[in-house]
Amino acid sequence: MENTNNSNETYLQSIERQGYSRRDFLKFVAFIGAYMGVQSSALGQIAKALETTPRLPVIWEHFQECTCCSESFIRSNHPIVADIILDKISLDYTLTLMAASGHQAEASKKATMEKYKGKYILCVEGAVPMGDDGNYCCIGGRTAIDILKESAEGAAAIIAWGSCATNGCVQAAKPNPTGAVPISKIITDKPIVNVPGCPPIGEVMAGVIVHYVAFGKLPDLDRQGRPKAFYAKRVHDSCYRRPYFDAGLFAESFDDENAKKGYCLYKLGCKGPSTYNACGNMRWNGGVSYPIQSGHPCLGCSADGFWDAADSFYSRDLSVIGGDIEYNADTVGKVALGAVAVGVAAHAVVANIKKKDDLHRRIRHGIKNEKDIED
């Protein structure tokens, strides 16, 4: 946990104290700015804010979840994300990462809530059960409902990490015996940023916090409360397998030759065509790969109603193209291959016309071969 004596440090001061150079700092600004989708002219504003703004107090609560969001965050591709934005962010309370426990941990949270009332950010990981008066999830003898309401009361804003906190995820899946609900169903008087995913991407999580620090406000959100900078495009739109989809080339099973060649995984249940997330262009696991590079289709974990949204993870989503026309992979393949055939035919026609024009030109000028052209 962060030493409270350094609570007034700026981000830059904390970065330098950890041994990073100003050059490292500016690289980080460019790195996170690119992920945030801001214009290059805004990078100076981000740098200035991180140079002059005291580190943001954060309370991070855990309820019904598997801690995969925290795991994703601390395994960011950029060391400053994990070392500074998470560990050195004045992260005053988080049961998973803090060294303190018990009464000491609770005292730290209470002190932060009192000192920074109306200024701290509340991060929530996990759904909250409403069944049996909330007794399905209790921490220190208190229900998650009570803890959430208390922590949210003095927060400037709330960030709901992961699909559990944003839409309930597996905890809220049918038949939902604990009555689990997302954070937005309980807290209705505070601005909430939904960062879905199971888990969300570490750089996305850092980008949301940096945006708040740099611009003094939450990022632009879509109708589901998700940051547009990271959830405006479908996984399908930036997937490196997209050319195979357009060409009608699909893996028919996980171990066939098409799968080995890296063909599109749509027929194996890929939800990329209907899922909005940034994991088609942000590598996970320390920058190792995209999820689909593992050879497994997108599960649509950031989609609203994830888990109950499809018959199964491997059922084919027939609503690929959108609009009133419903395509399946076979039709898309035929259309794509038909387009290729048309293109080949058109190319042949153009080539023949060109040859015919060239022949007429040769006859007009008495050219018998290429050597005559050079002469």
Sort Phe73, Phe254, Phe245 so that the residue with the fewest other Cβ atoms within 10 Å of its own Cβ comes first and the one with the most comes last. Phe254, Phe245, Phe73
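For a Förster distance of 45 Å, can you work out the FRET efficiency between the beta-carbons of Arg142 and Ser289, rounded to the nearest 0.05?
0.65
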Tell me, His211, His103, His296, His236 in order of fewest to most beta-carbon neighbours within 10 Å? His103, His296, His236, His211
Can you pick out the pairs among Lys110/Lys174; Lys27/Lys190; Lys185/Lys217; Lys174/Lys233 whose Cα atoms lie more than 26 Å from each other? Lys110/Lys174; Lys27/Lys190; Lys174/Lys233
Ranked on Cβ counts within 10 Å of their own Cβ, fewest leading, Asp256, Asp246, Asp189 go Asp189, Asp256, Asp246
If I take R0 = 25 Å and measure r between the Cβ atoms of Ser253 and Lys185 in this structure, what FRET efficiency does the formula 1/(1 + (r/R0)^6) give, to the nearest 0.05? 0.05
Show me the chymotrypsin sites (Phe, Trp or Tyr not before Pro) within the range 155-236 that DSSP assigns to loop and that have at most 16 other Cβ atoms within 10 Å of their Cβ. none
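Coordinate-derived values only; no laboratory data. All values reported here derive from a predicted model rather than from experimental measurement. Note: ideal-geometry Cβ built from the backbone for every residue, glycine included; neighbour counts use all protein chains shown.
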